[in-house]
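One structure is given here, and the rest of the page talks about it.
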Amino acid sequence: MIIGVGIDFVKKEHFQKKVEKGGASFIKKVFCPKERERGELLSEDLRLNHYAKRYAAKEAFVKALGTGFGIIGLQDVWVENAPSGQPNLVLSENAQNYMKEKYKRPVHIHLSLSDDEDAIAIVILDLV
């Protein structure tokens, strides 16, 4: 049973301005160490795509939850890729506990990411 759907669209031009304005402190505030490590391995252009998609995923997730950021923080959810390349959302212990308390059942998180001129993410929460 689907219990939440969230979608977020990130204009890369706008996101690039945020990154340029906030610099390393913005990246450190928004992205977990694994996301930053992977981002640093990429060229500058691919790095912007990497971060924009992950930012969209975080936003889409809290929209699917219906909470916005507050209970769940930016560092409480991140994207890791399976060996096949499929993106998956990973939750911190804080976020996992919140989900257990709220839904009382396991929740499967579906994530799809895309980027071309801009980045988009969709998250579907499904009770198992």
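The values are calculated or read from the model by the stated rules, or taken from the named source; none is laboratory data. Since this is a predicted model, take the numbers as computed values, not measurements. Note that each Cβ is placed from the backbone with ideal geometry, even for glycine, and that neighbours are counted across all protein chains shown.
Screening segment 34-93 for residues that are farther than 22 Å from residue 1 by Cα and of a type in the set (Phe, Trp, Tyr) and picking the one that is surrounded by the most Cβ atoms within 10 Å (Cβ to Cβ) gives 51. Residue pairs whose Cβ atoms lie under 7 Å apart, sitting 6 or more positions apart in sequence or on different chains, and linking a residue in segment 14-35 that is in contact (Cβ under 8 Å) with a residue 24 or more places away in the chain and within 13 Å of residue 51 (Cα to Cα) to a partner that is of a type in the set (D, E, K, R) and surrounded by 11 or more Cβ atoms within 10 Å (Cβ to Cβ), are 27/36; 31/54; 34/80; 35/54. Would you say residue 5 is outside any helix (DSSP H, G or I) and modelled with pLDDT of 95 or more? Taking the combined requirement at face value, the residue satisfies it. Screening residue 48 against (1) under 14 Å from residue 120 (Cα atoms); (2) at pLDDT 95 or above; (3) not charged (D, E, K, R) leaves a single unmet condition, (2).
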